[in-house]
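The values are calculated or read from the model by the stated rules, or taken from the named source; none is laboratory data. If you're wondering where the values come from, they're calculated on a predicted model, not measured in any experiment. Cβ sites come from the backbone with ideal geometry, for glycine too, and all protein chains shown count toward neighbours. Each accessible area value is taken on the protein alone, full model and side chains, heavy atoms only, with ligands, DNA and RNA left out. Shrake-Rupley method; radii C 1.70, N 1.55, O 1.52, S 1.80 Å.
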Amino acid sequence: MKKLLLCLSFSLAFGIINAQVQKTPFIEHFTQASCGPCASQNPTMYTALNTFGSANYVKLTYQVSWPGSDPMNAEYPGGASARTTYYGVTGVPDCSLSGGATAAPNTAVTAATLAAKAAETTPYSMAITHSWNNGDITIDVDVTNTSATPANSMDKIYVAMVEDHVSYSSAPGSNGETDFYYVNREFYNASTGAAGATSGASLPTIAAGATESYSFTIPKASIPNYMRDLDQLNFVAFIQNNTTKAVDQAAKSIAGNVPGLLDLSTSTNSVSGAGYCDYSFDPVINFTNNTASIDVTQFVVEYDINGG
């Protein structure tokens, strides 16, 4: 009996000492709404990601400032500028998997590379959530050392605001793309909550079995007004070695469930005159309220003709 208990105790201790968790593949994607090669290569990358499963990876998309126009970069250029400099990106499309050297999306992100990264282990476990309170957003991040020895291989923690799906009725750039995914909208300092924190915050050594927690609140008035759909808003956190650029772990919060958020859609079947001298125009706009519990009783409609 004593021998059995001794063996059992040893096994439990050994298991704790070697506790590791699987890495979540983290994709940083550099693209642009007026980049022709981006439009041709991005679909293949997303096919690989969709097959792998959206719950099994974390992704940040940086809309860069070249080679043409891109409204998402114009709205928030800071994240794309900082991360292209960080990785030395000089052309798009480009991609990094968990902090590795950048490569074409179809090379960096494949079924094989995703599976290989997910098979790697790390002592770091991460969780991030966000909650709404009277229009403010509170973000909570926990980084846990699951091993029985101090964890110190990662020295930076980053928190980014993301819009999961940005959709345009017509292409906002010249490459024909109308749908953009996991678009980076802002960076925040995990320790202070300050916006514009593209260099991250310090992650200290975490003692065996301990958790390093961060919490901050973004006031309603400070939520970027260029967000197209708050229901698509979520947050991404990742930890990185600032020297090697290796990313050991990443996590994302769940989008949706915004209290009191209206879900409206519009369509039009306006009719204009058919002849050269028939200048008649009957504007018709259809509004649909897709919100279950909120009535809409008034609209303010604006129009312009040829930019006037």
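Structure above, values below:
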| read-out | value |
| --- | --- |
| Share of pairwise Cα separations in the chain, more than 28 Å, in percent | 48 percent |
| Inter-site label distance for VAL301 and ILE254 at 7 Å from Cα along Cβ, in nm | 3.8 nm |
| Anisotropy class of region 149-308 from Cα gyration tensor, a/c 1.5 cut | prolate |
| Percent RCO, i.e. relative contact order, over the chain, from Cα pairs under 8 Å lying at least 6 residues apart | 19 percent |
| Accessible surface of the chain [probe 1.4 Å, protein heavy atoms]: carbon and sulfur percent | 54 percent |
| Size of charge dipole - the chain - debye, nearest 20, with Cβ of Lys, Arg +1 and Asp, Glu -1, no other charges | 1520 debye |
| Axial C-alpha extent at least 15 Å, average Kyte-Doolittle at least -1.0 - helices from the chain (DSSP) | 2-17, 36-52 |
| Calculated from backbone phi, Karplus (6.51, -1.76, 1.60) coupling profile of region 143-152 in Hz, x at Gly/Pro | 10, 10, 8, 7, 9, 9, 10, x, 10, 9 |
| Signed unit charges on C-beta, dipole axis of the chain, positive-most listed residue ALA101, THR47, THR129 | ALA101 |
| Of every Cα-Cα pair in region 41-98, the percent that sits beyond 18 Å | 41 percent |
| Unit charges at the beta carbon, dipole of the chain: most positive-side option, ASN257, PRO77, PHE238 | PHE238 |
| Label-point separation in nm, ASP229 to THR85, each point 7 Å along Cα→Cβ | 3.3 nm |
| Estimated distance in nm for a label pair at HIS165 and GLN22, the labels positioned 7 Å out from Cα along Cα-to-Cβ | 2.6 nm |
| Mean Cα-pair separation over length for region 197-283, i.e. relative contact order, pairs under 8 Å, 6 or more apart, % | 18 percent |
| Extension gain from SER213 to SER54, taking 0.36 nm per residue of separation minus the Cα-Cα distance | 54.7 nm |
| Accessible area expressed per residue, the chain, with surrounding protein chains retained (probe 1.4 Å, Å²) | 51 Å² |
